[in-house]
Structure formats: C-alpha cells, structure tokens
Amino acid sequence: MRLIYSKPELRDLSQGSRIAFARQFRLMTQDDVSDKLGITGECKRRTMTRYEKGGRNPKEDRTKEIADILNVNYNSIKKYDYRDSIDLLYTFMWLEELIPKYQLDLSKVPNVNNSNIVLIKRFIDEWNVMREKRNKKEISYSDYIEWKLTYEVQQWIN
C-alpha cells in the first residue's frame, strides 16, 4: 500500500482547526486519536469531529492529552485567551498558514522595557530565523511545521 502525503490546510484559527491541522500533519485519523484517548463505542469519532469542527471545545486536561498524542506543544492547540501575550504569539504563527506571505513588522515599535514587547520582539527574531531557513531551503516545509508545532515560547529574563 502506498501512502500519499497531503499538506494539511488550516480552515481558520479556531482551536478545532488547529487540532485537525496537527492531527493531519502527524498522519493520524480521528479514530487513531480517539483510540489513544480511550474513547470507545460506535461513535468514537464523533468526539474528535466535534472538537475539530468547533461543536465542542476539549477541556484543558483533554487538550493536554491530545497535545501529547499529537506530540505538539500544548500552547499550539489550546483555546487562546488574547489577554495573554504568549497566545498572541502562537496566533501569529498560525496566521501564516492562512496568509503565507504575511510579515509581522514591529520595527517601528520603540524599544521600551515593557516585558510583553520584549517577549514579542524576541519571538519574532527567532521565528524570522526559522522562516529564513525555510525560504533558503535549509530546512523543509515539514521541518518548519514541526518547529512551529513543538515551539515553546520562553519567558526570557532581562
């Protein structure tokens, strides 16, 4: 049997769409994830379908289980709270899957000592390094997505 790889597509920025993207990137079916979650019965796929289509949001502990199964950083698939600057950073990365050529430019933001601005600027620097590696074909698309799915924003200390 020959498997054909199909690049996953992100529908939108919802939690469900991000879970579906990560699952597809890992070449797993909804049944595979359901089995690993211990969901049984005739309609075991229904739970994953509801998560992925936004009919239901998994609770925090279930999201952590899904992240472990998909071998991704919890922050890449959790429900975002935009009062948290780290959630904004992950959204920026996901937005690139919807708008591939967009650039986030904070060069005009003054170098203030606001911890959120410092965090965002450092993240963008790291992200731009990886984008440049991908653009120069130093890493593959798959390597780049792997980095995004497993990337963990660090709270740097000045």
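The values are calculated or read from the model by the stated rules, or taken from the named source; none is laboratory data. Quick caveat: nothing in here was measured; it's all calculated off a predicted structure. FYI the Cβ positions are ideal-geometry reconstructions off the backbone, even for glycines, and counts take in every protein chain you see. What goes into the accessible areas is simple: the full protein's heavy atoms, side chains included, and nothing from ligands, DNA or RNA. Shrake-Rupley method; radii C 1.70, N 1.55, O 1.52, S 1.80 Å.
From the residues in the stretch 55-71 that are surrounded by fewer than 16 Cβ atoms within 10 Å (Cβ to Cβ) and not charged (D, E, K, R), which one is modelled with the highest pLDDT?
Filtering the stretch 55-71 for residues that are surrounded by fewer than 16 Cβ atoms within 10 Å (Cβ to Cβ) and not charged (D, E, K, R), the one modelled with the highest pLDDT comes out as Asn71.
In this structure, is Glu138 surrounded by fewer than 16 Cβ atoms within 10 Å (Cβ to Cβ), over 15 Å from the mean Cα position of the chain (by Cα), assigned to a loop (DSSP other than H, G, I, E, B) and modelled with pLDDT of 85 or more?
Against the criterion (surrounded by fewer than 16 Cβ atoms within 10 Å (Cβ to Cβ), over 15 Å from the mean Cα position of the chain (by Cα), assigned to a loop (DSSP other than H, G, I, E, B) and modelled with pLDDT of 85 or more), Glu138 qualifies.
Could you grab me the full set of residues in the stretch 32-49 that are modelled with pLDDT under 90, in a helix (DSSP H, G or I) and open to solvent by 80 Å² or more (accessible area, probe 1.4 Å)?
Arg45, Arg46, listed by residue number.
Checking the conditions here, which among Ser34, Ser17 is hydroxyl-bearing (Ser, Thr, Tyr) and closer than 23 Å to Glu96 by Cα?
That would be Ser17, the only listed residue that is hydroxyl-bearing (Ser, Thr, Tyr) and closer than 23 Å to Glu96 by Cα.
Please work out which one of (1) within 17 Å of Ser14 (Cβ to Cβ); (2) open to solvent by 40 Å² or more (accessible area, probe 1.4 Å); (3) more than 15 Å from the chain's Cα centre (by Cα) is the condition Asp105 fails and give its number.
All conditions are met except number (1).
Of the conditions (1) under 26 Å from Leu104 (Cβ atoms); (2) out of contact with any helix residue (DSSP H, G or I) (no Cβ under 7 Å at 6 or more places or on another chain), Thr63 fails just one. Which one is it?
(2)
Please verify whether the stretch 80-92 includes one or more residues that are outside any helix (DSSP H, G or I), within 12 Å of the chain's Cα centre (by Cα), within 30 Å of Ser34 (Cβ to Cβ) and not hydrophobic (A, V, I, L, M, F, W, C).
yes
Pairs only if they're at least six apart or on different chains, beta carbon under 8 angstrom, first in the stretch 53-65 and of a type in the set (Gly, Ala, Ser), second surrounded by 14 or more Cβ atoms within 10 Å (Cβ to Cβ) and in a loop (DSSP other than H, G, I, E, B); list them, first residue then second.
So the pair list comes out as Gly54/Ser14.
When Phe25 is evaluated against the numbered criteria (1) over 29 Å from Asn116 (Cβ atoms); (2) touching a residue at least 60 places away in the same chain (Cβ under 8 Å); (3) surrounded by fewer than 15 Cβ atoms within 10 Å (Cβ to Cβ), which criterion, by number, is the only one it fails?
For Phe25, the failing item is (3).
Just give me the residues in the stretch 72-114 being modelled with pLDDT under 75 and among the polar types (S, T, N, Q), in sequence order.
Passing the criteria: Ser107, Asn111, Asn113, Asn114.
Only one of Glu52, Glu96 is out of contact with any Ser or Thr (no Cβ under 9 Å at 6 or more places or on another chain), acidic (Asp, Glu), surrounded by 14 or more Cβ atoms within 10 Å (Cβ to Cβ) and assigned to a helix (DSSP H, G or I). Can you tell me which?
After applying the criteria, what remains is Glu96.
Which pairs have Cβ atoms under 8 Å, sit 6 or more apart or on different chains, and link a residue in the stretch 66-77 that is of a type in the set (Phe, Trp, Tyr) and assigned to a helix (DSSP H, G or I) to one that is at pLDDT 95 or above and open to solvent by less than 10 Å² (accessible area, probe 1.4 Å)?
Hits for this filter: Tyr74/Thr63; Tyr74/Ala67.
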